[in-house]
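Report on the following structure.
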Amino acid sequence: MKVGILGAGGIARKMAYTVNNMEGAELAAIGSRSIDKAEAFAAEFNIPKAYGSYEELVSDSSLDLIYVATPHSRHYEDCMLCLENGRNVLCEKPFTANAEQAEKVLTFAEEKGLFAGEAIWTRYLPMRFKLDEIINSGVIGEISSLSANLGYSIAHVERLIKPELAGGALLDLGVYTINFALMAFGTDIEKITSDCVKNEYGVDSNNSVIIKYKDGKTALLHSNMNSNLDNRGIINGSKGRIEFININNCEGIEVYLNDGTVTKYETPAQITGFEYEAAASLKAISEGKTECNEMPHSEILRVMKIMDSLRSDWGIKYPFE
């Protein structure tokens, strides 16, 4: 199946390398707003077609899937451009800047019978399903709480600090902590409380979120674009705890029981980790589906609505909203 990439930045490079090393997928085209950039990208990754505009890329009817790798603020218009031209789309997280945009994209995709997915890779990684197995086994007893941290010193990156680019720690990093909580504890939420610290441009540079579930569980989430954090997810039970090493790209799972027993699970060898979201998308397309089981449209919208409510509480509104 033929894959095209829309946008020729850093995340696009990672996907290009991934697809080039996958079975059953061919990297067939790259689209950039600069033909020089597109041609250089194509030469580096041995891509047969280079387009100097996004419009040319989405007009290529040979493409089975287009991966959108542009900044957050462009996701809505770029996804709609793909869909309007009959192209299936896999969009880098966050799916869009807000839930209203996401709903429009997903509704339009379903009306046209086209696939639309979110490239939130943690939903597709094998270790996500290993975590499910460990939790469901009951090995750590009655579970009461979890914590998840994700942070990098990336406050110098322009797309992350400017409101016009849908910046802030929440949409870039907090989206992972929220997804981790939903994957581990589900969606039966009673209440969410939170606070943040804003940067000079008015977006959140770090934030803390507490999710209280109706069954009494709590999830404490923190994301930070000023500091490198431990990036761990820890699930606490009456008989021990589960440590998920690096919630952004799992480097292993360790289970520590109260009796001193330690069990470790290694992450399977992978190309980059992006291959799972790409393969799931292509499988869904081959089956005529408009969404992935791993990250269905309902969950895309759920996460976007949670992030909208958090930004509303913090008084953060993007200029284009």
Next on the checklist: Looking at segment 189-225 only, could you name the residues that are among the charged types (D, E, K, R), over 20 Å from the mean Cα position of the chain (by Cα) and in a strand (DSSP E or B)?
Outcome noted: Glu190, Lys191, Asp195, Lys198, Lys212
Checklist entry - Tell me, which residue of segment 297-321 that is out of contact with any strand residue (DSSP E or B) (no Cβ under 9 Å at 6 or more places or on another chain) and outside any helix (DSSP H, G or I) is surrounded by the most Cβ atoms within 10 Å (Cβ to Cβ)? => result Tyr318
Next on the checklist: Quick check on my filter: what residues within segment 253-287 are within 14 Å of Asp132 (Cα to Cα) and out of contact with any Gly (no Cβ under 9 Å at 6 or more places or on another chain)?
Outcome noted: Ile253, Glu254
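Results for (1) within 16 Å of Ala119 (Cα to Cα); (2) assigned to a helix (DSSP H, G or I); (3) in the same structural domain as Val89 (by TED's automatic domain parsing); (4) at pLDDT below 95, shown as yes or no for each residue.
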| site | (1), (2), (3), (4) |
| --- | --- |
| Ile11 | yes, yes, yes, no |
| Met15 | yes, yes, yes, no |
| Gly24 | no, no, yes, yes |
| Ala28 | no, no, yes, no |
| Arg33 | no, no, yes, no |
| Ala40 | no, yes, yes, no |
| Glu44 | no, yes, yes, no |
| Ile47 | no, no, yes, no |
Item to check | Residues that are farther than 21 Å from Ser312 by Cβ and surrounded by fewer than 19 Cβ atoms within 10 Å (Cβ to Cβ), drawn from segment 152-178 | outcome: Ser153, Ile154, Ala155, His156, Val157, Glu158, Arg159
Checklist entry - Right, Asp215: surrounded by fewer than 19 Cβ atoms within 10 Å (Cβ to Cβ), in contact (Cβ under 8 Å) with a residue 24 or more places away in the chain and in the same structural domain as Gly174 (by TED's automatic domain parsing) or not? => result yes
Checklist entry - What pairs can you find where one residue is in segment 30-45 and of a type in the set (A, V, I, L, M), the other is modelled with pLDDT under 95, and their Cβ atoms are less than 6 Å apart, with a gap of 6+ or different chains? => result none
Item to check | Tabulated pairs, segment 260-274, first without any contact (Cβ under 8 Å) to a residue 40 or more places away in the chain, second part of a loop (DSSP other than H, G, I, E, B), C-beta under 7 angstrom, 6+ apart or interchain | outcome: Lys264/Gly252; Glu266/Gly252
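Restricting the search to segment 83-105, which residues are among the basic types (Lys, Arg) and either in a loop (DSSP other than H, G, I, E, B) or free of Cβ contacts under 8 Å to residues at least 12 places away in the same chain (or both)?
Arg87, Lys93
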Checklist entry - Quick one: how many residues across segment 106-127 are in a helix (DSSP H, G or I) and either in contact with a strand residue (DSSP E or B) (Cβ under 9 Å, 6 or more places away or on another chain) or buried (at least 21 other Cβ atoms within 10 Å of the Cβ) (or both)? => result 8
Checklist entry - Considering only residues of segment 255-271 that are surrounded by 15 or more Cβ atoms within 10 Å (Cβ to Cβ) and outside any loop (DSSP other than H, G, I, E, B), which is farthest from the chain's Cα centre (by Cα)? => result Leu257
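The values are calculated or read from the model by the stated rules, or taken from the named source; none is laboratory data. Keep in mind it's a predicted model, so treat the numbers as computed, not measured. Note that each Cβ is placed from the backbone with ideal geometry, even for glycine, and that neighbours are counted across all protein chains shown.
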